[in-house]
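Have a look at the structure below before the remarks.
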Amino acid sequence: MEEIYLDNAATTKVDDAVAKKVKEVFLESYGNASSLHTKGRESREKMESAKKKIATYLNCNPKEIIFTSGGTESNNLAIRGLAKANPEKKHIITSVIEHPCILETCQDLKREGYEVDYIKVNNDGLIEVEDISKKIKDNTLLVSIMHVNNEIGTIQPIEKISQICKKQNVYFHTDNVQGFLKKDLPLTSIDMMSVSGHKFCAPKGVGFLYVKKGIKILPINTGGGQENGLRSGTENVPGIVGLAAALDIDFKINEIETSRDKIIEGLKKIKGVKINGSIKNRIYNNINISFYGIEGESLMLMLDEQGIYVSTGSACASTKLNESHVLKALSIDEMYIHGSLRLSLGTDAIGKENFIIEKITNAVKKLREMSPFKLNLEEENDKEKNN
Ligand SMILES: Cc1ncc(COP(=O)(O)O)c(C=O)c1O
């Protein structure tokens, strides 16, 4: 059976050229980057040259990059590290559609006495910039807003938000786990940015936090003092080398976007469907679509049997049968929330659009035939068209 992987927002397959470089480090430059002998120095050189390459790509200083284990750790280090170093300010602003590693970290700080404001999004999944400036006050330490949402792919106006924060003298952090290498984002007014390798064909377990020079953060894990004392623990040199190598990948952005649009057009022919989130301000490979009156999980499993791998809501939430906090924030009707599917495309989708449309259309038809609900699809269709 041919397999079509459409879950690239959850994680990606490691690129061949990247895997080759990673393997070389595993087998040849395996020294501890802190060791002073030849093997250790070899490993350190590889790590430093990877850091330089990333810094050149970002147009920043290598000292502004701290390697971590990925997005979750980078986000924790950004928020907790900044809070630890600046205890005089105890107000944080974030959004209701952030990844759980931001939301749970903020919840944790709330328990320690911090005040957290959660900015709402409109029905397109977008933040109104003015809502942020209205919430900033004298003791606001940080605004943390994600660049690209992991579930609906919406792109927030990060440049505008970061400029407002700069003007109002508040630190700005962005979780760019879903946007890095997909959508350019100049660092001009950004103070901290989180990135994770496994979202762009580098290995799992590696990422980095960009911290602008002059910004004080404190480590959240202590030990051997690696990464300028900000992230103790033996560095994951194979992963780091892989992350830097992934900067050279041709991600075929235009082809995937064309493929995405073709699939959306095909799926829109099904009655009672709804695309969740802005179509215009959306990352090129994301489709988040709801089918009225069916369970997204059943649809996902039916497609799985046919070798098509998709997701319902975010990967972290997909083993729990919780309603997606992101779709809820968009005020979507429950019947649509339960029937939601996320397709995050990669090169597998190119040329397979009609096959994908056909399989999904048939699966939706089958599930609706089995549904205990009496579905008035004509009425739903008219409602959606009039929206
Ligand atoms: C927007 C966003 N932030 C953070 C993370 C966590 O990244 P990691 O899996 O590298 O810890 C994810 C992963 O799904 C994500 O999509």
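The values are calculated or read from the model by the stated rules, or taken from the named source; none is laboratory data. If you're wondering where the values come from, they're calculated on a predicted model, not measured in any experiment. A quick note on method: Cβ atoms are made from the backbone with ideal geometry, for glycine too, and the neighbour counts reach across all protein chains shown.
Can we say Ile270 is touching a strand residue (DSSP E or B) at 6+ places or on another chain (Cβ under 6 Å) and surrounded by fewer than 21 Cβ atoms within 10 Å (Cβ to Cβ)?
Numbers: touching a strand residue (DSSP E or B) at 6+ places or on another chain (Cβ under 6 Å): no; surrounded by fewer than 21 Cβ atoms within 10 Å (Cβ to Cβ): yes.
Spelling it out, it is not the case that Ile270 is touching a strand residue (DSSP E or B) at 6+ places or on another chain (Cβ under 6 Å) and surrounded by fewer than 21 Cβ atoms within 10 Å (Cβ to Cβ).
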* To do: Could you check segment 280-348 for helices (runs of 4 or more DSSP H) lying wholly inside it with 1 or more residues that are at pLDDT 95 or above and surrounded by fewer than 21 Cβ atoms within 10 Å (Cβ to Cβ)?
  => 296-305, 325-329
* Structure fact -> Listed by first then second residue, the pairs whose first member lies in segment 113-131 and is within 15 Å of Lys280 (Cα to Cα), whose partner is assigned to a helix (DSSP H, G or I), with beta carbons under 8 Å and at least 6 positions apart or on separate chains, are Gly125/Val326; Gly125/Ala329; Ile127/Ile161
* Structure fact -> Filtering segment 183-229 for residues that are more than 13 Å from the ligand (Cβ to nearest atom) and either modelled with pLDDT under 95 or of a type in the set (S, T, N, Q) (or both) leaves a count of 6
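Residue check: is Lys20 more than 21 Å from Tyr210 (Cβ to Cβ), within 16 Å of the ligand (Cβ to nearest atom) and charged (D, E, K, R)?
Details: more than 21 Å from Tyr210 (Cβ to Cβ): yes; within 16 Å of the ligand (Cβ to nearest atom): no; charged (D, E, K, R): yes.
Spelling it out, it is not the case that Lys20 is more than 21 Å from Tyr210 (Cβ to Cβ), within 16 Å of the ligand (Cβ to nearest atom) and charged (D, E, K, R).
To keep it simple, each residue is scored yes or no on (1) within 16 Å of the ligand (Cβ to nearest atom); (2) over 20 Å from the mean Cα position of the chain (by Cα); (3) under 30 Å from Ile240 (Cβ atoms).
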{"position": "Phe67", "(1), (2), (3)": "yes, no, yes"}
{"position": "Asn76", "(1), (2), (3)": "yes, no, yes"}
{"position": "Ile79", "(1), (2), (3)": "yes, no, yes"}
{"position": "Lys89", "(1), (2), (3)": "no, yes, no"}
{"position": "Ile93", "(1), (2), (3)": "no, no, no"}
{"position": "Cys101", "(1), (2), (3)": "yes, no, yes"}
{"position": "Gly113", "(1), (2), (3)": "no, yes, no"}
{"position": "Ser133", "(1), (2), (3)": "no, yes, no"}
{"position": "Thr140", "(1), (2), (3)": "no, yes, no"}
* Note down all Cβ pairs under 6 Å where the first residue falls in segment 69-91 and is within 18 Å of Gly214 (Cα to Cα), the second is away from the ligand (no atom under 16 Å from the Cβ) and assigned to a loop (DSSP other than H, G, I, E, B), and they're at least six residues apart or on different chains. => Gly81/Ile217; Gly81/Leu218; Leu82/Ile217; Lys84/Leu218; Ala85/Lys216; Ala85/Ile217; Ala85/Leu218; Lys89/Asn139
* Is it fair to say Thr72 is polar (S, T, N, Q) and either surrounded by 15 or more Cβ atoms within 10 Å (Cβ to Cβ) or touching a Cys at 6+ places or on another chain (Cβ under 6 Å) (or both)? -> yes
* Look through segment 24-47, keep the residues that are assigned to a helix (DSSP H, G or I) and small (Gly, Ala, Ser), and return whichever of them is nearest to Leu243 (Cα to Cα). => Ser43
* Among the candidates Ile93, Ile97, residue that is closer than 28 Å to Ile119 by Cα, at pLDDT 95 or above, part of a loop (DSSP other than H, G, I, E, B) and among the aliphatic types (A, V, I, L, M) -> Ile97
